[in-house]
1. With +1 on each Lys and Arg Cβ and -1 on each Asp and Glu Cβ, how big is the dipole of the chain about its Cα centre, in debye rounded to the nearest 20?
2. Rounding to the nearest 10 and keeping the result within 0 to 90°, find how far the Cα-based axis of helix 136-175 lies from the longest principal axis of the chain.
3. Running Debye on the range 236-346 with equal point scatterers at the Cα sites and no solvent, what base-10 log of I(q)/I(0) appears at q = 0.21, 0.23, 0.24 Å⁻¹?
4. Can you list the lysines whose alpha carbon is less than 17 Å from that of residue 284, not counting same-chain residues fewer than 8 positions off?
5. How many angstrom separate the Cα center of the range 249-276 from the Cα center of the range 49-87?
6. Using only Cα atoms, tell me the angle between helix 280-307 and the longest principal axis of the chain; keep it within 0 to 90° and round to the nearest 10.
7. Just to confirm a number: summing +1 for Lys and Arg and -1 for Asp and Glu over residues other than residue 343 whose beta-carbon lies under 13 angstrom from that of residue 343, what do you get?
8. When the Kirkwood radius is taken over all Cα pairs of the range 2-113, what Stokes-Einstein diffusion coefficient follows at 20 °C and 1.002 mPa s, in µm²/s?
Amino acid sequence: MISKNIVKQPKSIIEVTVSANWADIEPKWNEVLQKMASETEIAGFRKGAAPVNMVEQQLGTRLQDEVLKAVMPQFLIEALKGSDVIPIDYPHYQVTSFVKGGDLQFKVTVTNRPQVSVGNYKIIKAVRPVLKPVTDEEVGKVIGDLFKRWQVKQTSVVSSQSSVNQTQNQTTDQAGSLNFQKSDSLVLTADDSFAKAMGAKDLLDLKAQIRKDLEAQVKYNNELDFEEAILQEVEKITTVEVPEILISDELNRMLVSLQRRVADMGLLMEDYLKGQGKTLEAIKTEWRPQAERNVRMELGLAEVARSENVTISDVELQAEIDKIQDAKIKQQFEYQEPKLQLRHSLRQVRTLDLLKKLVDGGVA
């Protein structure tokens, strides 16, 4: 039987003091000892055949460490039963006192899921940006960029072919044969031949396809801007004491995103930071307010989901997993944690869709 004392600190930090009797620890002590004894070699005995008391003496503090790693999480679960504490990070354990045969006393620090309050989200307003038409200049720029890359590739092909022809001509000249020279010419402006190389029927068709793609991108970005406007309104009416661990996690996520963008530019992070004249710590300090807003926004949206009873069924979750083509990625969802994360993401998306229907999305 255990005794406990739960103390709530600022920023959703919870300190739990737990005391457990030796009688509750002894069975696990003996179980761990037997397991470790079966894997221990002592001179003069076959592996696993040494007397248990001898093995226990040789193991020393290693045995105690293994026992505590096994029993403290279980005692913590028991201590939190019936409370409103829901840990959102890994517990930090500190043993206060323990010797074999005596009671165990330890302290645990965890971050509790914070209390979140959201105002009347059903009356928030956000403006859906006007769809900007795709201009001929924008289509022309894409055509120009594609043509330049295609032209470089064609120049390389023609240059290689010319070298081959020159070698062949020199050989035939030496043999006294007739000299047939092939005239290789490059396309200087985007035309139907270039368009066909791009998979279109002609240049007019290529322009139509590019315009369609650009319009789809504009519509997609427009929807993202509208969603961002709604989320910013949710953040404004969300009251929560944001736990430090969540801010830290969001900062790390933002830094990982930056590192990917830097890698896509073909740069090393170290070189990028030098160019910016900043350190990672300076960037984290600069980004901290935004990270806190992001977390508040996320928590606010989750609270709306709870209020509206937004759920994702097991069938819906599995349907999303089944869409994954990569076998290695799909295999990760055999474990519980990735499933929980995916379910949460789907729930947040569904909640945002609900808000989009509720919000007065007037056009500017």
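Just so it is clear, none of the values below were taken in a lab; they were calculated from the coordinates. Keep in mind it's a predicted model, so treat the numbers as computed, not measured. When we count neighbours, we look across all protein chains shown, and the Cβ atoms used for this are built from the backbone with ideal geometry, even at glycine.
1. Magnitude of the dipole: close to 100 debye.
2. Between helix and principal axis, roughly 70 degrees.
3. Result of the Debye calculation: -1.11, -1.16, -1.19.
4. 274
5. Measuring centre to centre over Cα atoms gives 41 Å.
6. 80 degrees
7. Local charge sum for residue 343: -1.
8. 138 µm²/s
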